[in-house]
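Take a look at the structure below.
The values are calculated or read from the model by the stated rules, or taken from the named source; none is laboratory data. This is a predicted model, so every value here is computed, not measured. Please note: Cβ atoms are built from the backbone with ideal geometry, for glycine as well, and neighbour counts cover all protein chains shown. To get the accessible areas, we keep the full protein, side chains included, count just its heavy atoms, and leave off ligands, DNA and RNA. Shrake-Rupley method; radii C 1.70, N 1.55, O 1.52, S 1.80 Å.
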Amino acid sequence: MSGKIKSRSAANADSISGSVSCDERILRDCHQMYIEPDSGLITIAQTVGVTLLPPRKKITVMLMGNHSAGKSSFINWYVEEHIQRTGVAIETQGFSFVTSGRKRESLTGNATLHLYPHFKPLQDFKGLSEYLGTEICTSRQKRFSLVTFVDSPGLVDGDMKYPFDVDQAILWLGELCDLILVFFDPMGQALCKRTLSIVEKLNEKQGDRLRFYLSKADEAGGESDRQRVMMQIVQELCKRPGLNKCGFDMPTIYVPNPNKPSRCVNQIEEACRTIEKTINQTVQNTLNSLEKDCNLITEAITETLHNDRQCSIENRRARFKGCLLGMLGFTVPLLLLVALVLGSLSRGVLELMLGDKGTEALSLYVAPAVKAFESLSVEVQLYSCAGLVLLSFIFLLLARFSFRTKPTLSGKQKRQLQEKLEYVQEVVKTKKKNLYEEYLRQSVGDQDMN
């Protein structure tokens with residue numbers, strides 16, 4: 001089995017195009033090692049009762065904020081294509097997934113949930129399925145091939161009613177996303193209470209994934225106006241205990257427009273670096289998870305084989321114990337039968353059958369028992385015989401229960417588990433080591449790898 005697995009894995013590795021980036025190839029290879037139908041880690045783990053989830057090939061970045069905060073414009077700028085509609089009105093009314101693919105395509109809610117099965121619980125939110133969509137484009141700009149953007153609905157206060165529970169949907173998505181970009185715009189909606197409330201709740205569990213940005217900073221007027229807007233936002237955030245923390249950072253960003261130059265400092269590349277840092281961290285986490293899962297499978301297979309050996313030993317003991325009790329169960333009635341037969345025979349017949357010495361030896365050993373038995377009354381003799389028969393029955397009953405053995409693996413099953421163990425230890429772990437070295441070589445020299 002291991003030889004076939006090795007050849008298949010090598011063939012899969014060779015089939016991957018060399019045009020993809022190193023990080024993309026690493027994530028793809030790791031994902032492939034999990035989902036192989038016959039030799040994947042998920043299939044191997046299931047044989048020993050372990051459940052594994054395949055790593056995702058892309059990171060998920062959710063953008064949230066009030067309406068017209070520039071979320072869709074940022075996505076269009078990042079992919080360098082006009083994918084999302086933009087405008088002052090609330091253009092994004094549902095959740096829109098933006099990802100890279102082979103051709104331009106738009107998917108509806110059901111197709112989106114088939115594409116992203118880990119987001120299927122979204123269909124449990126009443127009315128949300130109709131407001132799910134996916135935009136697939138062929139852009140390879142920046143690190144878009146490793147990113148799936150989630151464009152969330154624009155948030156507003158007041159009487160605005162959403163067709164679904166937008167607050168709970170964003171909170172649920174926040175648990176699955178790798179990065180959450182919160183956009184505050186300077187045009188009066190930055191202090192939207194709904195936005196701040198959701199951010200505060202997200203911060204309780206996903207605080208390390210939250211990043212804040214003052215979007216459309218070029219529309220805030222002069223430098224003093226921008227500083228005043230940022231002070232207002234920071235003051236409002238600090239009023240909420242969960243968001244009042246040290247090291248708060250909120251870079252100013254805006255989509256650059258060559259026809260509309262601005263003297264405002266644009267830190268939009270900082271957002272790109274944040275996304276790239278998350279990608280790098282995801283690659284490391286994926287490789288670390290691969291090693292942990294390999295160790296988990298190794299321990300499970302080793303424990304399964306060990307438990308099987310222990311079961312085999314216990315089964316042998318049970319069989320020996322059953323045989324012993326069975327022999328005792330049959331010996332008692334057999335002795336009674338022999339005593340009855342010998343008691344009914346005359347001495348001449350016994351000497352003819354056993355000889356003089358045999359008859360004397362039999363009399364020597366049996367005579368005391370016969371005398372003791374004959375000294376008993378008839379009623380006691382009957383009770384004694386019944387007791388011996390009952391004892392024999394108990395021995396036979398215990399022997400039957402002792403013969404109950406635990407199920408064990410067949411020779412073929414043990415060989416297959418051993419092959420899987422060798423495959424995980426020799427093939428998968430070796431490939432994981434090579435992938436880690438390939439990843440590290442992007443940053444350090446060969447002399448540091450030794």
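Here I233 passes the criteria (1) open to solvent by 40 Å² or more (accessible area, probe 1.4 Å); (2) outside any loop (DSSP other than H, G, I, E, B); (3) modelled with pLDDT under 80 except the one numbered (1).
E135: at pLDDT 85 or above, of a type outside the set (S, T, Y) and surrounded by fewer than 18 Cβ atoms within 10 Å (Cβ to Cβ), yes or no? Judged against the criteria, E135 is not a match. The residues listed here are S68, S129, S96; of these, the one that is in contact with a helix residue (DSSP H, G or I) (Cβ under 9 Å, 6 or more places away or on another chain) and modelled with pLDDT under 85 is S129. In the set (1) open to solvent by 30 Å² or more (accessible area, probe 1.4 Å); (2) modelled with pLDDT of 75 or more, the condition left unmet by G242 is number (2). Note on the stretch 272-295: residues that are closer than 20 Å to L417 by Cβ and crowded, with 17+ Cβ neighbours inside 10 Å amount to 2.
Just for the stretch 135-150: of the residues that are in contact with a Gly (Cβ under 9 Å, 6 or more places away or on another chain) and in a strand (DSSP E or B), which one is nearest to V79 (Cα to Cα)? Talk me through it step by step, then tell me what you get.
Taking the stretch 135-150 and keeping what is in contact with a Gly (Cβ under 9 Å, 6 or more places away or on another chain), we get 136-138.
Within this subset, residues satisfying the condition of being in a strand (DSSP E or B) are 136-137.
On the way: I136: 11, C137: 9 Å.
Once the filter is applied, the top-ranked residue is C137.
Here's the yes/no breakdown for (1) of a type in the set (A, V, I, L, M); (2) modelled with pLDDT of 65 or more; (3) over 19 Å from L398 (Cα atoms); (4) open to solvent by 60 Å² or more (accessible area, probe 1.4 Å):
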residue	(1), (2), (3), (4)
E303	no, yes, yes, yes
N307	no, yes, yes, yes
S312	no, yes, yes, no
R316	no, yes, no, yes
D356	no, yes, yes, yes
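If you take the residues in the stretch 391-419 that are in contact (Cβ under 8 Å) with a residue 40 or more places away in the chain and not in a helix (DSSP H, G or I), which one is most open to solvent (accessible area, probe 1.4 Å)? Among those residues, the one meeting the criterion is R404. Taking the criterion of being open to solvent by 30 Å² or more (accessible area, probe 1.4 Å) and in contact with a Gly (Cβ under 8 Å, 6 or more places away or on another chain), the residues of the stretch 101-122 that qualify are S106, L107, T108. Condition test on V428, is it part of a helix (DSSP H, G or I) and open to solvent by 80 Å² or more (accessible area, probe 1.4 Å)? Criteria not met by V428.
To keep it simple, each residue is scored yes or no on (1) in contact with a Phe, Trp or Tyr (Cβ under 6 Å, 6 or more places away or on another chain); (2) within 17 Å of V428 (Cα to Cα); (3) of a type outside the set (K, R); (4) at pLDDT 85 or above.
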position	(1), (2), (3), (4)
K6	no, yes, no, no
A11	no, yes, yes, no
D23	no, no, yes, no
Y34	no, yes, yes, yes
D38	no, yes, yes, no
I75	yes, no, yes, yes
G87	no, no, yes, no
